[in-house]
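Peer 1: Handing you a structure now.
The values are calculated or read from the model by the stated rules, or taken from the named source; none is laboratory data. This one's a predicted model, so the numbers in the text were calculated from it and none came from an experiment. No Cβ is skipped: glycine too gets one built from the backbone with ideal geometry, and neighbour counts run over all protein chains shown. All accessible areas refer to the heavy atoms of the entire protein, side chains included, with ligands and DNA or RNA removed. Shrake-Rupley method; radii C 1.70, N 1.55, O 1.52, S 1.80 Å.
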Amino acid sequence: MSWILLTLLAAFSQSWRNAFQSRLSQTFSTVAVTLARFLWAGPLALLYLIGLYQWRPVALPQFSLVSAFFIVAAALMQIVATALMVVLFKQKNYAIGAGLAKSEAPMSAFLGVLFFGTSLSLIGWLGVLIGGLAVFVLSTAQGIKQLSLKTVLLGLACSTAFALTSLWIREASLSLALPFPYSAAWVLLLVIAVQTLLLVGYLVCNDRRSLVMMFKKPTYVVLTSLASFIGSFGWFSAMSLQAVPYVKTLGQIEVLFTMLISYFWLKESIKSKDVIALFMVGIAAILVMLH
């Protein structure tokens, strides 16, 4: 049950993080909005890790070149994925942009089986595929003709980047040879640290004005970082316990949270196809929990 509860927490937090980033994207550059996800999440991740060691000390991790590769690769790919998500927000409305990127679940299943030794049961595959179909229904809520080729390609690129990030995070966690949740906590802190240093360095060199504005108008930046930390804590922990495709398929329950936020907070309408997609996501979630 632990991975299920952690995934639900992650999905709920991620839906709010996406909403906050959607607001930030109206006034900040893509890189600045991407940084908002990590800026204050790093200190929170450090406090969480310190708290774990205060609660019950264990050995420090022994890093290898393999674990270092997975951590750095995951950090870079998540930056790319987040930047693509921000660009998606500017292509279509919030709900469709988030929906296109959620094809991460079937993408992680195919990549996991092909390159990462992931194995799925027949029921698990059925859940993943139904979830992927639900994402397609959601993404075409205004009709297939309303989707431009550019938006579709951006959505697929975004979902692929998120899938690779998740798969590398799981591999990094497994490579540290630490008990749960310490392995997940170390990977969480190190990935966020790499991302923050890279993005702050870029803005210092190329866009100092945006960096200064992030501290002058911190409300949505702090909210984005907080939601991102809680979401990442849930994802990283769940993926340390369970195969990525199962976690990400269950995580598509985020569609429900996204719809509610889109309707009540962003004042966007909900189409009948969105309800159908939500029903399919529910079926997919049940199947992966029963796998």
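Peer 1: What do you reckon, how do L60, L24 stack up by accessible area (1.4 Å probe), largest on top?
Peer 2: From most exposed to least exposed: L60, L24.
Peer 1: Aspartates and glutamates near K217 by alpha-carbon distance under 20 Å, same-chain residues fewer than 8 away left out - which ones?
Peer 2: Those aspartates and glutamates meeting the cut-off are D207.
Peer 1: Could I ask something else about it? Would you mind putting 215-227, 9-21, 277-289 in packing order, based on average other-beta-carbon counts within 10 Å, highest first?
Peer 2: Result, highest mean first: 9-21, 277-289, 215-227.
Peer 1: At a Förster radius of 25 Å, what calculated FRET efficiency corresponds to the Cβ-Cβ distance of A68 and L156, to the nearest 0.05?
Peer 2: 0.30
Peer 1: Over all distinct Cα pairs, what is the inverse of the mean 1/r for region 185-261, reported as the Kirkwood hydrodynamic radius in Å?
Peer 2: Hydrodynamic radius (Kirkwood, Cα pairs) of region 185-261 is 14.7 Å.
Peer 1: Using the C-alpha atoms of region 1-290, what convex hull volume per residue, in cubic angstrom, is computed?
Peer 2: That works out to 125 Å³ per residue.
Peer 1: Determine the share of region 1-290's accessible area contributed by carbon and sulfur atoms, expressed in whole percent, with a 1.4 angstrom probe.
Peer 2: C and S atoms contribute 73 percent here.
Peer 1: What is the set of long-range amide H partners of T118 at a cut-off below 5 Å, with H atoms built 1.01 Å from backbone N?
Peer 2: Those lying under 5 Å, H to H, from T118 are V113.
Peer 1: What percent do you get for the relative contact order of the chain when only Cα pairs under 8 Å and 6+ apart count?
Peer 2: Relative CO of the chain lands at 40 percent.
Peer 1: Then there's this: Taking only protein heavy atoms and a 1.4 Å probe, what accessible area per residue, in Å², does the chain have with all protein chains in place?
Peer 2: 44 Å²
Peer 1: In square angstrom, rounded to the nearest 10, how much accessible surface does F110 have for a 1.4 Å probe?
Peer 2: F110 exposes around 100 Å² with every protein chain in place.
Peer 1: Same structure again: By how many nm would the segment from L60 to I283 lengthen if fully extended, with 0.36 nm per residue of separation less the alpha-carbon distance?
Peer 2: 76.2 nm
Peer 1: I'd like to compare 173-181, 117-125, 201-209, 69-77: which one has the highest average count of other Cβ atoms within 10 Å, and what's the full order after that?
Peer 2: My ranking of the peptides, most packed first, is 69-77, 173-181, 117-125, 201-209.
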